[in-house]
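Undergrad: One structure is given below, represented as structure tokens, and several questions about it will come after.
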Amino acid sequence: MQTQVSDLIRQHMAADPAFSRLVKGLRGKNAAFTVAGPPDSLKSWLAWQLGAETGRRPCLLVADELRARTVAADLAALVDDPVLIFRPRDLNLTDAEASSREMEMQRMAILGQLLDDRCGALVIPAAAALQKLPSAPLFQARFLHCRVGQKLDLDDCARQLIRNGYEHMRLTDGPGQFARRGDILDVVIPSAEDDGDPEGFRLSFFDNEIDAIKRFDPQSQRSSTMLQAISIPPVRELLPDPNQKDDLAARILACGESAAQTALANGAARETAVSMRQLAGKDAERVSQNVHFAALDRWIGLVQPKPVCILDYAREAGCLIFLDEPLRIRNRIDAAQADLDERLRAMLTKGQALPQWSEVAFRGDDLALCLDRTRPLLSLSQLASPGNTLPDTPLITLQARPSDGYRGREAKLLDEAADWMRQSWTLVLFAGSQHRRDRLSQLFGEKGIRPQIEPDSLPRGFIWPAARLAVLGTLDVFGSERPARRRRHGDGIKIDLFSDLVPGEMVVHEAHGIGRYDGLVNMENNGTRRDYLKITYAGDDSLYIPMESLDQIQKYIGADSREPRLSKLGGQEWTRMKERARSSIRKLATDLIRLYAQRAAIKGKAFAPDTVWQQEFEEQFPYEETEDQLRSVQEIKSDMESERVMDRLLCGDVGFGKTEVAFRAIFKCVMDGSQAVLLAPTTVLAQQHYDNLVKRMAGFPVQIGLLSRFAAEAMQKNTLSGLMHGKVDVAVGTHRLLSQDVRLKKLGLLVIDEEQRFGVDHKEKLKALWPDVDVLTLSATPIPRTLHMAMSGIRDISVLEEPPHDRRPVQTYVMEYDRDLVAEAILREISRQGQVFYLYNDTRRIVEKAAELEQLLPGARIVCAHGKMNEKLLEDIISGFIGQESDILVCTTIIESGIDMPNVNTIIVEDADRLGLAQLYQLRGRVGRSDRQAYAYITYRRDKALTEIAEKRLAAIRDFTELGAGFKIALRDLEVRGAGNLLGAEQHGQLEAIGYDLYCRMLEETIQELQGHVPASKISAVIDLDIDAFVARRYIPDEGQRMDMYRRIADIRTFADYQDVLDECLDRFGDPPPETMALADIAYIR
């Protein structure tokens, strides 16, 4: 917000005597007040203004996370520095092999920024204030302070980072990680902001002295700014002192013994006492061996003998603390306390917990004592009712009210604005964008009214008569808000298959076929040393490939997870397979090009450019669009405005915003006087699209009809009649839309959702019915970028790769299956009125499993769904589940991909070791689509003897709690499977035979050739010098990174490339040794 506007608002606020009295009182010692009267929309303004008056940052304690987000959004429009939300984290009281730590790391980053005076305001949900934290001095003592010229042992540095919760990786690509390469140390620090990017720092050492500190980008791995000093915060909340480990282990054992004795004295079963001793014994052993485990949370009371809460940190940082509706806060604290007590009571009776665990969090009384010590302190209450004030504090009342809504009531807005101006009020409007600001300026200017109009977004405003101040928010004026979020745009995930290649994996050599990569081998040849790739073929034949021929090798990726057969060196079979694939690809490319040419020859409707209403409709989208969405919308509009018939495929994962892109195309079509049809594969999906479309187009003169099994008979009749006479603008439906009785007066656009799920006959019928109509097809199958590039000349494809900005990470646990734990997780979700997916991928026993759960959870409403069911029954079950008629859906992997189920926020996967990583990634993405914290429990059978493949998969799943490198490979596998589906069954087989990369290369070459483009011939030179030229193992010890560097060197074409490679070597690994310099020189000469 502009300084002159904020100064003007301050003057008006100060004009209210009650506010001036409050400001004056806050300057006194031990100030505490109850402020009554302010509506919710005014509270952030008061916090901001009173903070400015007292020179303190505002800190607001609110009832829950929903309120926290609203307050933070309001404050973000007022303060320049970041507004941080300190959320509660889930305490791990049960054993999990791995759990995601995003929340814990963000909390640690917030504490660091708070103490370092680097935040504009802090918002705390009540449950977070109950959680125990290390004291500020202890937390600060764990910081690793580094400056250029400082003496610091690199080994000690790495040990301290591990102690502070950082994970040692070969390559850092996410927060809370560090990597070490020779004398270089990379560290990635988490961000305190929800949309913030983690920060990478690179420390170069010369012997035991820090030589340089630079920022670096974890994505590109390249450094940028030079720094003089940095402070690296811990990323773990529980930091036991390694020197006290034996003492802590002894105290844990003593707790276990004491609990067991008490349980026996109270008449508990002997098994319960044994279980308690075992629990304590297992934890004590891990502590004594310095092993960190997620469930250490249960010993917070012993690890942190003098814990503090987040309000102590806020007080230490000199914040001005506000309580937003004390009664609501108290009720929320009581509920959180009761929830924890109940959870522990259930575990105690089964011997799965110890009484001492009740000390994992503060009680409400502890918080009350903390607030008694806190001054200055204010409570903000709309009504000063009993229990909703600060006891024994002066009451100051502000007379203010929420602002009205003016959407569609412009005349009333203009009249009231003119009235306020006549009374010397100040009117401030928040438009949410520059375009809306210009529109408002024009509207008021025509009436000679000159209010203050800000382009920032603030949801709601207030009317404050005593201050002569009216503030109107974006929702008040337009009925929709456009949150001003900081834009983050990645280029999609870049997957580097060479750096991920490990010995034992399959590779494809263009000339020799499929072999097994068995590592890098350094060999001497004619007196000089070189590195070679060792590839093993059928019959144990080996081929040694020099690194300059690296471009002939690709990692093998098939469309299925089956391992391919090794080719025979010198045999003809590989050549025949390649020829078969080439002729099949040629046929596919010829068909596609012919089809494309036929459609290009048909003249379609050229739609008019965007109308004012189009702009208004798009501005009512309540979220900030991703770059991909904006680009796709533009591509679709260009197609629609040309005379060529559109046939565009829009690809993107569920929740990436395909529907909004389609809705904008539909709206454009209707605004030009044509009708649009949205075709969905299932009744449930059609109903969801219809509901969303009606909601999205409310307030515009658009008639929408539904044709499906769920639509009432009368509605279907009206829709059919309306379509025939042009009175219905948009029809949403299933293949019912393809029936004989459906006639449209003027169809302009056909949108098909999940095209691959319609049969061939349906698709042929569509082409015959509407040959000259623009077609937009939506697909949730991710399309690989390489395939996209290969097909770019023959198929119009728009891709949404960027996830939505505000998707919260799913809290993920990987653990042995435990009935009681599963029951607890389900009951926790149901208790907050949520629903659960229970994934059991065995259709033969799924009904049995549902019955088992009914016994375990009496009273829970459980339904079953799997792919072998009758389609109508399956749709009814899914529809009922969406309508919240049941609590738990026990299902196979058929969980409906396109359907949005925001109320389902817990997923339990049984026998996860039998599923692929890509499947698990997709399944986990089915939850976490609302403003609630979502949970995924990835379980495998207790004490099961796992196969080697399952063992590897589980190891990857353990990493899968964070979005690490294993995840990127899973995404790649997923894309390749998608490629097989996209191209059809025959191509799927060819892709399997020769591998994905070679397939894509052949497809691109064939298309280029058929279109008459002659590829430039490659000239290759061989330079054979009598010198050692290789990337030394001592220089880059990691084989994957060494392979990556070989490929970078092989790609040198110009002097600029040569310099860039040497810069990267120096930046990431230090000074290159002579043999590596020689390799780069040879590549440049070549």
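Undergrad: So, restricting to helices (runs of 4 or more DSSP H) that lie completely within region 920-1018, which ones have at least 1 residues that are touching a Leu at 6+ places or on another chain (Cβ under 9 Å) and at pLDDT 75 or above?
TA: Because the criterion is at least 1 residues that are touching a Leu at 6+ places or on another chain (Cβ under 9 Å) and at pLDDT 75 or above, the helices (runs of 4 or more DSSP H) in region 920-1018 that meet it are 985-994, 996-1010.
Undergrad: Oh, and also: Under 17 Å from I894 (Cβ atoms), free of Cβ contacts under 8 Å to residues at least 24 places away in the same chain and among the acidic types (D, E): which single residue out of E871, E852, E848 fits that description?
TA: When all the criteria are applied, what remains is E871.
Undergrad: Against the conditions (1) closer than 30 Å to A1078 by Cβ; (2) modelled with pLDDT under 90, where does Y556 fall short? Just the number, please.
TA: So the condition that Y556 fails would be (1).
Undergrad: Please determine whether any residue of region 90-99 is of a type in the set (G, A, S), within 26 Å of L238 (Cβ to Cβ) and in a strand (DSSP E or B).
TA: There is at least one residue in region 90-99 that is of a type in the set (G, A, S), within 26 Å of L238 (Cβ to Cβ) and in a strand (DSSP E or B).
Undergrad: Within the set of pairs 6+ apart or on separate chains, which have a first residue in region 997-1012 that is of a type in the set (F, W, Y), a second that is assigned to a helix (DSSP H, G or I) and buried (at least 20 other Cβ atoms within 10 Å of the Cβ), and C-beta atoms under 6 Å apart?
TA: Every condition considered, the pairs that remain are Y999/L991.
Undergrad: In region 693-732, how many are in contact with a helix residue (DSSP H, G or I) (Cβ under 8 Å, 6 or more places away or on another chain) and hydrophobic (A, V, I, L, M, F, W, C)?
TA: 13
Undergrad: Within region 573-594, is there a residue that is over 30 Å from I514 (Cα atoms) and either small (G, A, S) or surrounded by fewer than 16 Cβ atoms within 10 Å (Cβ to Cβ) (or both)?
TA: yes
Undergrad: Specify the residue that is modelled with the highest pLDDT; the eligible residues are those in region 498-525 that are part of a loop (DSSP other than H, G, I, E, B) and buried (at least 20 other Cβ atoms within 10 Å of the Cβ).
TA: The residue in question is H512.
Undergrad: Could you identify the single residue in L853, L839 that is modelled with pLDDT of 90 or more and within 26 Å of the chain's Cα centre (by Cα)?
TA: L839 is the lone residue from the list that is modelled with pLDDT of 90 or more and within 26 Å of the chain's Cα centre (by Cα).
Undergrad: Look at R696 and say whether it is surrounded by fewer than 23 Cβ atoms within 10 Å (Cβ to Cβ) and modelled with pLDDT of 95 or more.
TA: The answer is no for R696.
Undergrad: Here is a follow-up. Pick from G28, G37, G51: which is without any contact (Cβ under 8 Å) to a residue 12 or more places away in the chain and of a type in the set (G, A, S)?
TA: G28
Undergrad: With touching a Leu at 6+ places or on another chain (Cβ under 9 Å) and either surrounded by 15 or more Cβ atoms within 10 Å (Cβ to Cβ) or not assigned by TED's automatic domain parsing to the domain that holds M671 (or both) as the only criterion, which of Y544, Y623 stands out?
TA: Y544
Undergrad: Looking only at residues in region 269-285 that are out of contact with any Lys or Arg (no Cβ under 8 Å at 6 or more places or on another chain) and buried (at least 17 other Cβ atoms within 10 Å of the Cβ), which one is farthest from L253 (Cα to Cα)?
TA: In this case the residue turns out to be A273.
Undergrad: Which one of T426, T397 is touching a residue at least 24 places away in the same chain (Cβ under 8 Å) and surrounded by 16 or more Cβ atoms within 10 Å (Cβ to Cβ)?
TA: T426
Undergrad: Still on this structure: Does region 1064-1086 hold any residues that are surrounded by fewer than 16 Cβ atoms within 10 Å (Cβ to Cβ), assigned to a helix (DSSP H, G or I) and under 38 Å from the mean Cα position of the chain (by Cα), and which are they?
TA: Result: L1066, single match.
Undergrad: Take region 551-598 and flag every residue that is under 15 Å from T1006 (Cβ atoms), without any contact (Cβ under 8 Å) to a residue 60 or more places away in the chain and not charged (D, E, K, R).
TA: S583
Undergrad: Can you tell me which residues in region 1-14 are outside any helix (DSSP H, G or I) and surrounded by 14 or more Cβ atoms within 10 Å (Cβ to Cβ)?
TA: M1
Undergrad: May I pose another question? Taking the stated definitions as given, is A860 under 12 Å from Y838 (Cα atoms), of a type in the set (G, A, S) and either in the same structural domain as R819 (by TED's automatic domain parsing) or surrounded by 20 or more Cβ atoms within 10 Å (Cβ to Cβ) (or both)?
TA: no
Undergrad: Name every residue in region 461-476 that is at pLDDT below 90 and surrounded by fewer than 23 Cβ atoms within 10 Å (Cβ to Cβ), in order of residue number.
TA: L475
Undergrad: Here's a follow-up. Identify, by number, the condition in (1) at pLDDT below 90; (2) within 30 Å of L122 (Cβ to Cβ) that R181 doesn't meet.
TA: Going through the list (1) at pLDDT below 90; (2) within 30 Å of L122 (Cβ to Cβ), R181 breaks only (2).
Undergrad: In region 102-142, which helices (runs of 4 or more DSSP H) lie fully inside it and hold 2 or more residues that are small (G, A, S) and over 22 Å from the mean Cα position of the chain (by Cα)?
TA: 126-129, 136-141
Undergrad: Determine which member of the set V303, V287, V308 is of a type in the set (A, V, I, L, M), in contact with a Leu (Cβ under 7 Å, 6 or more places away or on another chain) and closer than 30 Å to G51 by Cβ.
TA: Sole residue among the options that is of a type in the set (A, V, I, L, M), in contact with a Leu (Cβ under 7 Å, 6 or more places away or on another chain) and closer than 30 Å to G51 by Cβ: V308.
Undergrad: If we scan region 652-670, do we find a residue that is out of contact with any Leu (no Cβ under 8 Å at 6 or more places or on another chain) and more than 28 Å from P459 (Cα to Cα)?
TA: Looking for residues that are out of contact with any Leu (no Cβ under 8 Å at 6 or more places or on another chain) and more than 28 Å from P459 (Cα to Cα), one finds at least one in region 652-670, hence yes.
Undergrad: Any idea which residue in region 1045-1063 is nearest to I184 (Cα to Cα), counting only those that are surrounded by 15 or more Cβ atoms within 10 Å (Cβ to Cβ) and at pLDDT below 90?
TA: Checked region 1045-1063; the qualifying residue nearest to I184 (Cα to Cα) is M1045.
Undergrad: Turning to a different aspect of this structure: Could you say whether any residue in region 291-299 is more than 33 Å from the chain's Cα centre (by Cα) and crowded, with 20+ Cβ neighbours inside 10 Å?
TA: no
Undergrad: Sticking with this structure for a sec: Considering each of A662, A676 in turn, give the residue that is under 24 Å from the mean Cα position of the chain (by Cα), crowded, with 24+ Cβ neighbours inside 10 Å and closer than 28 Å to K872 by Cβ.
TA: Going through A662, A676 in turn, the sole match is A662.
Undergrad: Of all the helices (runs of 4 or more DSSP H) wholly in region 262-374, which have at least 1 residues that are among the acidic types (D, E), within 16 Å of P125 (Cα to Cα) and in the same structural domain as T393 (by TED's automatic domain parsing)?
TA: Qualifying helices (runs of 4 or more DSSP H): 310-316, 326-349.
The values are calculated or read from the model by the stated rules, or taken from the named source; none is laboratory data. What you see is a predicted model, and the numbers here were worked out from it, not measured in a lab. Neighbour counts run over all protein chains shown; Cβ positions are idealised from the backbone, glycine included.
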